[in-house]
1. How do the peptides 44-56, 67-79 rank, highest first, by the average count of neighbouring beta carbon atoms within 10 Å per residue?
2. Applying 1/(1 + (r/R0)^6) with R0 = 30 Å to the Cβ-Cβ distance of residue 80 and residue 43, what FRET efficiency is obtained, to the nearest 0.05?
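Bear in mind these aren't lab numbers, they're just calculated from the coordinates by the rules spelled out. Please read these numbers as outputs of a predicted model, since none were measured by experiment. Neighbour counts run over all protein chains shown; Cβ positions are idealised from the backbone, glycine included.
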C-alpha cells in the first residue's frame, strides 16, 4: 500500500466514523477515535458485506461499507457498555 492509498484509507475511515457517530446519535470520539472506529468498521463492514453477497465500488462504496461496519461496532460497544 502506497502513501496515497494509506491517506485515502484514513480519510475514508474518518468520514465513515464521523457519519456513524452522527447516525448512532453519539457525540463522536474526536478525530483519532473516529478514524479508529471507521478503520475497524471498514473491516467489519467488508466482512459483513461479503457474507451477504453485497458488493460496492469506488470511494462512495468504501465509505458506505465502512460506515455500516462502524455503526455495527458502535451498536455492539453500546450493548456491552449498558450491560
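1. Going by the mean number of other Cβ atoms within 10 Å, highest first, we get 67-79, 44-56.
2. 0.95
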